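The values are calculated or read from the model by the stated rules, or taken from the named source; none is laboratory data. Given the structure is predicted, the values throughout are model-derived calculations rather than measurements. Here the Cβ is made from the backbone with ideal geometry for all residues, glycine too, and neighbour counts use every protein chain on show. Accessible surface areas use protein heavy atoms only, side chains included; no ligands, DNA or RNA. Shrake-Rupley method; radii C 1.70, N 1.55, O 1.52, S 1.80 Å.
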Amino acid sequence: MSAFHDGLEGFKGGNALLPFIKLIDDFDAQYQEIANDDTVFTFLTNKDAPRYKVVRVDLKEPSSWIDVVPESEKDVLESAFAVNGDKMIVCYLSDVKYVIQIRDLKTGSLLHQLPTDIGSVTGISARRRDSTVFIGFTSFLTPGIIYQCNLDSEVPDMKIFREISVPGFNRSEFQVNQVAIFSVCLFLALNSVLISPLDQFKVFYRNSLFLFAGFPVGQRNNLNS
């Protein structure tokens, strides 16, 4: 605005419109602002990236967009926040669990990966001017924990700030492990009978069958050998 003729005062009493530089003019994707440095803006977006990425654009070159954190090959970038001046905290959904990382805001390079248990990140509270981040977390063993993470130290200091306690339950006596299991079963659609093991497949190969591997991945009708 300081670059306008006589600033905003020059527009008073007239019909002239304020000049705009259009960065996003179509509803073709989602854009969430992460940070702004003078004429440079950083966004979290799914533009040409269904698993999301972090991009940067300069108002001086509004047609030139740079990938700061490219789209992951398999993980979904759930959120990204500027914090502690020149850093960024990002949260990925990776193999059905959440992963939290500290990255460089300018280059996107990985600085630290925070130690988190198997569970869900319910929210992240972070401000760019602060070095402290609050992370909401829940899992099979706890209805809710708020972690406080201090980024002032060389290695981020993460500790419990608040925790919902369940009377008579000590979560330290239990542990959660993630195990990848690939199972295949046959479902006989004709009379809704689950058939196992697979060596019985030849008996029912002429009926409608569903193949399961965690989720339905295929279907065959009237199979013929």
Check your understanding: Any idea which residue in region 1-39 is nearest to residue 84 (Cα to Cα), counting only those that are modelled with pLDDT of 70 or more and polar (S, T, N, Q)?
Key -> 36
Study note, to complete from the structure: For region 147-158 the number of residues that are open to solvent by 70 Å² or more (accessible area, probe 1.4 Å) and either in contact (Cβ under 8 Å) with a residue 40 or more places away in the chain or assigned to a strand (DSSP E or B) (or both) is 3
Review point. Could we say that residue 135 is at pLDDT 95 or above and more than 22 Å from residue 85 (Cβ to Cβ) here?
Key: no
**Study point:** Any chance residue 79 is part of a strand (DSSP E or B) and over 15 Å from the mean Cα position of the chain (by Cα)
**Key:** no
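So, of the residues in region 38-50 that are in contact with a Leu (Cβ under 8 Å, 6 or more places away or on another chain) and surrounded by 17 or more Cβ atoms within 10 Å (Cβ to Cβ), which turns out to be nearest to residue 26 (Cα to Cα)?
Residues of region 38-50 that are in contact with a Leu (Cβ under 8 Å, 6 or more places away or on another chain), as a first pass: 39-42, 44.
Imposing the further condition that a residue be surrounded by 17 or more Cβ atoms within 10 Å (Cβ to Cβ) reduces the set to 41-42, 44.
Details: 41: 18, 42: 18, 44: 16 Å.
Looking at residues that are in contact with a Leu (Cβ under 8 Å, 6 or more places away or on another chain) and surrounded by 17 or more Cβ atoms within 10 Å (Cβ to Cβ), I get 44.
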**Study point:** Pair list, Cβ < 7 Å and 6+ apart or interchain, from region 161-189 residues that are at pLDDT below 90 to residues that are polar (S, T, N, Q) and open to solvent by less than 100 Å² (accessible area, probe 1.4 Å)
**Key:** 171/142; 176/139; 185/196; 188/207; 189/207; 189/208
Review point. If you go through region 77-90 one residue at a time, do you hit one that is without any contact (Cβ under 8 Å) to a residue 40 or more places away in the chain and crowded, with 19+ Cβ neighbours inside 10 Å?
Key: yes
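So, in region 99-127, how many residues would count as being assigned to a loop (DSSP other than H, G, I, E, B) and open to solvent by 70 Å² or more (accessible area, probe 1.4 Å)? Full working, then the answer.
From region 99-127, those assigned to a loop (DSSP other than H, G, I, E, B) are 105-109, 114-119, 126-127; that's our starting set.
Filter again for open to solvent by 70 Å² or more (accessible area, probe 1.4 Å), leaving 106-107, 115, 117, 127.
Here the count works out to 5.
May I ask you to verify whether residue 32 is open to solvent by less than 70 Å² (accessible area, probe 1.4 Å) and either within 30 Å of residue 118 (Cβ to Cβ) or not in a loop (DSSP other than H, G, I, E, B) (or both)?
Working: open to solvent by less than 70 Å² (accessible area, probe 1.4 Å): no; either within 30 Å of residue 118 (Cβ to Cβ) or not in a loop (DSSP other than H, G, I, E, B) (or both): yes.
Criteria not met by residue 32.
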Exercise for review: Starting from region 95-109, keep only residues that are free of Cβ contacts under 8 Å to residues at least 12 places away in the same chain, then list their pairs with residues that are in a strand (DSSP E or B) and of a type in the set (Lys, Arg) whose Cβ atoms are within a distance under 9 Å, requiring at least 6 positions of separation or different chains.
Suggested key: 109/103
Check your understanding: Restricted to region 51-71, and to residues that are at pLDDT below 95 and in a loop (DSSP other than H, G, I, E, B), which residue is most open to solvent (accessible area, probe 1.4 Å)?
Key -> 60
Point to revise | Hits in region 131-140 (condition: open to solvent by less than 40 Å² (accessible area, probe 1.4 Å) and in a loop (DSSP other than H, G, I, E, B)) | key: 131
